[in-house]
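What follows is a set of notes on a single structure, which appears directly below.
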Amino acid sequence: MIEAKEKTMKEIIFVTTNKGKVASAQKELKNIKVLSIEAELSEPRSDDIKEIAKQKVLQAHSIVKRPCIALDSGFFISALNGFPRAYVNHMLDTIGIEGILKLMHGEENRACEFRSCLAYYDGEEMRFFESKSPGAIAGKIRGSENVNSWSDLWYIFIPRYFHKTMAEFNEEDFMEYNRVKEDSGMKKFGEWFSVSLQGGDRDDYWFVGSGNSSFDSRIFDTSRFRDDFIAVCDSFGGGIGAVS
């Protein structure tokens, strides 16, 4: 009798304080197990999310000397000339979503969109995976706290083809949203990464990201560099935890 060998799921460590981001990454990387630890990485000052993702992944690679990914995202409001762009965290910490609604008071053009860019770098090759999610600004704060939420903007963001804010979504709404929206940069990366691994020996990589609104990260080959990874974690004062 021939017994099939069980295939080991590939692992990515995601370092972040944002549990919503971790949950979202795990859902999108279906064939890659996401493990989480907490750490902060510096973020370059720019309103270009692609440039931010690029600089983060270069920064990460210069530290770990291994293949890395980094993701940055922004929120763009047409009537406000694209504000807040990549400065979402600063906007939320200052005027908040209440301030956005005040700025949009009486404005008929409610168009806005989330944009994200994930960068991959292995020391030689750099790849980018970009996505957009268009929608509209609601007239008021709507919805309730959601375990899937990773931004307060969900309370005022109405995705295209919907009449609810994302904070009002139920599981059926999320399923439909995932069906009609453009694939995220994370999902595009996951599909490419899974295929690329089939041609090499990179069976286990660890994904290290920061605790800010972006997904910047560092990947370690766990089969050969586990001690290196633990040393870096100790330097951050972080701990390792599995995400189910």
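Throughout, read-outs are computed from the coordinates displayed, never taken from laboratory work. Note that the coordinates shown come from a computational prediction; the quantities given were computed from them, not determined experimentally. Glycine also receives a Cβ, built like all others from the backbone with ideal geometry; neighbour counts cover every protein chain displayed.
Which of the GluC sites (Glu not before Pro) found in region 82-180 are in a DSSP loop and have at most 16 neighbouring Cβ atoms, other than their own, within 10 Å? Counting only loop positions with at most 16 other Cβ atoms within 10 Å, the GluC sites (Glu not before Pro) in region 82-180 are GLU107, GLU108, GLU124, GLU125, GLU145. Here LYS30 and ILE95 are evaluated by their C-beta separation; at R0 = 51 Å the FRET efficiency comes out at 0.85. Sequence-ordered 3J(HN,Hα) estimates for region 135-143 from the Karplus curve with 6.51, -1.76 and 1.60 and θ = phi - 60° stand at x, 9, 7, 5, x, 7, 5, 9, x Hz, glycine and proline given as x. Taking amide hydrogens as modeled 1.01 Å from N in the peptide plane, which residues meet the under 5 Å criterion relative to LYS33, leaving out close sequence neighbours? Under 5 Å from the amide H of LYS33: LYS10, GLU11, ILE12.
The distance between label points at GLU124 and LYS140 comes to 5.9 nm (points 7 Å beyond Cα on the Cα→Cβ vector). Our Cα-only numbers for region 62-182 put the radius of gyration and Dmax at 16.1, 51 Å.
Net length available on complete extension from ILE63 to TYR161 is 31.0 nm, with 0.36 nm assigned per residue and the Cα-Cα distance removed.
Each residue in TRP150, TRP192 was given a count of other beta-carbon atoms within 10 angstrom of its own, and listing them fewest first yields TRP192, TRP150. Excluding same-chain neighbours fewer than eight residues apart, the lysines reachable from LYS21 by a Cα-Cα span under 23 Å are LYS10, LYS30, LYS33, LYS50, LYS54, LYS56, LYS132, LYS164, LYS181, LYS187, LYS188. Per-residue Karplus couplings for region 104-113, computed as 6.51 cos²θ - 1.76 cosθ + 1.60 with θ equal to phi - 60°, are listed in order as 9, 4, x, 7, 7, 7, 9, 4, 7, 6 Hz, Gly and Pro entered as x. Panel values: region 57-119, Kirkwood radius from alpha carbon pairs, Stokes-Einstein at 4 °C and 1.567 mPa s, translational diffusion coefficient 96 µm²/s. Rounded to the nearest whole Hz, the Karplus-based 3J(HN,Hα) values (6.51 cos²θ - 1.76 cosθ + 1.60, θ = phi - 60°) of region 73-82 follow the sequence 9, x, 10, 10, 10, 4, 5, 10, 6, x, with x at glycine and proline.
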